[in-house]
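The values are calculated or read from the model by the stated rules, or taken from the named source; none is laboratory data. Computed from a prediction, not measured in an experiment: that's the story for all the values here. Note: ideal-geometry Cβ built from the backbone for every residue, glycine included; neighbour counts use all protein chains shown.
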Ligand SMILES: [Zn+2]
């Protein structure tokens, strides 16, 4: 879980660094937030504030092993706690209308903690990922193990089956570990 609520702050769940105050959560009715199709918001109360928690899943087009995310939006993060990485901000595949997104990582442990969403006029809001589900990657891992076992029990060579499985695991590991 990349970010977690501890007391009145969201912290990196890997290293504990403070990322944002719960007071920075955007209210449920904030006009800056216009969700695109494919993401849904659920009303919730966090630290006495009415806000929205969003659920969404990546498409197979952008990730062969799509991940499901739960996230909340804040308008401020601790300046030194997060940095943007990866490609330049882009509107394509953004979950919020008119907002170009970039990946945010924790500056201390470099774990993925969420995204920045920048509007054309420069206003930025931030999505903090609360949970990440890697269902498809795990399903693929199970299928690989079952296939390797089948190869062995069907009279295949144990060494060949093991080598094939190890190569496949090597390819799959970034999708499970990162
Ligand atoms: Zn961290």
Criterion first (over 19 Å from residue 35 (Cβ atoms) and assigned by TED's automatic domain parsing to the domain that holds residue 62) does residue 151 satisfy it?
no
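For (1) modelled with pLDDT of 90 or more; (2) part of a strand (DSSP E or B); (3) under 30 Å from residue 173 (Cβ atoms), each residue gets a yes or a no:
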residue	(1), (2), (3)
87	no, yes, yes
93	no, no, yes
103	yes, yes, yes
125	yes, yes, no
The number of residues in segment 6-28 that are in contact with a helix residue (DSSP H, G or I) (Cβ under 9 Å, 6 or more places away or on another chain) and either modelled with pLDDT under 90 or crowded, with 16+ Cβ neighbours inside 10 Å (or both) is 2
Conditions: (1) surrounded by fewer than 14 Cβ atoms within 10 Å (Cβ to Cβ); (2) more than 16 Å from the ligand (Cβ to nearest atom); (3) in contact (Cβ under 8 Å) with a residue 24 or more places away in the chain. Residue 80 meets all but one. Number of the miss?
(2)
What do you reckon, is residue 64 part of a loop (DSSP other than H, G, I, E, B) and either away from the ligand (no atom under 16 Å from the Cβ) or touching a residue at least 24 places away in the same chain (Cβ under 8 Å) (or both)?
yes
Residue tally, condition exposed (fewer than 14 other Cβ atoms within 10 Å of the Cβ) and in contact with a helix residue (DSSP H, G or I) (Cβ under 6 Å, 6 or more places away or on another chain), over segment 29-46:
0
Name the one entry in 49, 79 that is over 30 Å from residue 173 (Cβ atoms) and in contact with a helix residue (DSSP H, G or I) (Cβ under 8 Å, 6 or more places away or on another chain).
49
What number of residues within segment 102-126 satisfy the criterion of being touching a residue at least 60 places away in the same chain (Cβ under 8 Å) and within 16 Å of the ligand (Cβ to nearest atom)?
9
